[in-house]
Amino acid sequence: NAGVTQTPKFQVLKTGQSMTLQCAQDMNHNSMYWYRQDPGMGLRLIYYSASEGTTDKGEVPNGYNVSRLNKREFSLRLESAAPSQTSVYFCASSERGKGSPLHFGNGTRLTVT
Amino acid sequence: AQRVTQPEKLLSVFKGAPVELKCNYSYSGSPELFWYVQYSRQRLQLLLRHISRESIKGFTADLNKGETSFHLKKPFAQEEDSAMYYCALSGLSVSARQLTFGSGTQLTVLP
């Protein structure tokens, strides 16, 4: 039982390049989330998916797109990376969404030069 | 809007001393409050939630609705408590189902 698995662990991009961060969970959770973690700002929600087939914007969605491919997988895409997107990205899942504890992946450290 | 404030970015205490990590929130309804912890080189994980009213690893947190606070306390800190701690809030309305995190407090327990 791996929980929440994120790939890759590290990535360096040049400004303007695109990439997709992958996330998969094996806990049969309905809800999945993408957060970014920046020093002094805590975790900020980028996008979330309350259930398979639905996605919603969080606090900082600009510059990102997401796909809830199926119940297990929730990917985050940067179409044209910018230095401001240098951050640590965390995927998380929860059973019901509202009020349920989150289970986090190990994170992806992204640097955009 | 919901907001979580953790006023201390860094907190250092000596082993065996009491520790309190402060958390204040802003929310118009009745929220659910959580503490998450991230130990070095480990993933973020749930420490405790207010509705459980339990003690985890010696930590407790009481929801004070009058002061809109959910401070995390431990009477005798241990070196293994050194970590980043995040307070988080979940609103009870459908539109506020996602968690809002504070900016975090880095706790260092000195030997």
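The values are calculated or read from the model by the stated rules, or taken from the named source; none is laboratory data. No experiment lies behind these values; they were computed from the predicted model shown. Positions of Cβ are backbone-derived with ideal geometry, glycine not excepted, and every protein chain shown enters the neighbour counts.
If residue B:49 satisfies every condition in (1) of a type in the set (Lys, Arg); (2) more than 8 Å from chain A (Cβ to nearest Cβ); (3) surrounded by 15 or more Cβ atoms within 10 Å (Cβ to Cβ); (4) without any contact (Cβ under 8 Å) to a residue 24 or more places away in the chain but one, which is the exception?
It fails just one condition, (2).
Here are some residues: A:108, A:113. Which one is out of contact with any Leu (no Cβ under 7 Å at 6 or more places or on another chain) and among the hydroxyl-bearing types (Ser, Thr, Tyr)? Steps first, please.
Numbers: A:108 fails: out of contact with any Leu (no Cβ under 7 Å at 6 or more places or on another chain).
None of the other options fit; the residue is A:113.
Would a scan of the stretch B:55-78 turn up a residue that is in contact with a strand residue (DSSP E or B) (Cβ under 9 Å, 6 or more places away or on another chain), within 11 Å of chain A (Cβ to nearest Cβ) and touching a residue at least 40 places away in the same chain (Cβ under 8 Å)?
Quick first cut of the stretch B:55-78, residues in contact with a strand residue (DSSP E or B) (Cβ under 9 Å, 6 or more places away or on another chain) only: B:55-63, B:67-78.
This time we only want the ones that are within 11 Å of chain A (Cβ to nearest Cβ), so: none.
Within the stretch B:55-78, not a single residue is in contact with a strand residue (DSSP E or B) (Cβ under 9 Å, 6 or more places away or on another chain), within 11 Å of chain A (Cβ to nearest Cβ) and touching a residue at least 40 places away in the same chain (Cβ under 8 Å).
Residue A:112 fails exactly one of the following numbered conditions: (1) more than 14 Å from every other protein chain (Cβ to nearest Cβ); (2) within 13 Å of the chain's Cα centre (by Cα); (3) in contact (Cβ under 8 Å) with a residue 60 or more places away in the chain. What is the number of that condition?
Exception for residue A:112: condition (2).
Could we say that residue A:5 is within 12 Å of chain B (Cβ to nearest Cβ), out of contact with any helix residue (DSSP H, G or I) (no Cβ under 7 Å at 6 or more places or on another chain), in contact (Cβ under 8 Å) with a residue 24 or more places away in the chain and assigned to a strand (DSSP E or B) here?
Against the criterion (within 12 Å of chain B (Cβ to nearest Cβ), out of contact with any helix residue (DSSP H, G or I) (no Cβ under 7 Å at 6 or more places or on another chain), in contact (Cβ under 8 Å) with a residue 24 or more places away in the chain and assigned to a strand (DSSP E or B)), residue A:5 qualifies.
In the stretch A:59-105, what residues are among the hydroxyl-bearing types (Ser, Thr, Tyr) and at pLDDT below 95?
A:93, A:94, A:100
Return the only residue of B:109, B:37, B:19 being under 18 Å from residue A:90 (Cβ atoms) and β-branched (Val, Ile, Thr). Before you say what the answer is, go through the steps one by one.
Working: B:109 fails: under 18 Å from residue A:90 (Cβ atoms); B:19 fails: under 18 Å from residue A:90 (Cβ atoms).
Of B:109, B:37, B:19, the one residue that is under 18 Å from residue A:90 (Cβ atoms) and β-branched (Val, Ile, Thr) is B:37.
Is there a residue in the stretch A:89-109 that is aromatic (Phe, Trp, Tyr) and within 11 Å of chain B (Cβ to nearest Cβ)? Walk me through it before giving the result.
Step one: list which residues in the stretch A:89-109 are aromatic (Phe, Trp, Tyr), which gives A:89-90, A:104.
From what's left, within 11 Å of chain B (Cβ to nearest Cβ): A:90, A:104.
Yes: one or more hits.
What do you reckon, is residue B:14 aromatic (Phe, Trp, Tyr), more than 12 Å from the chain's Cα centre (by Cα) and surrounded by fewer than 21 Cβ atoms within 10 Å (Cβ to Cβ)? Give the steps one after another, and end with the answer.
Working: aromatic (Phe, Trp, Tyr): yes; more than 12 Å from the chain's Cα centre (by Cα): yes; surrounded by fewer than 21 Cβ atoms within 10 Å (Cβ to Cβ): yes.
In short, yes.
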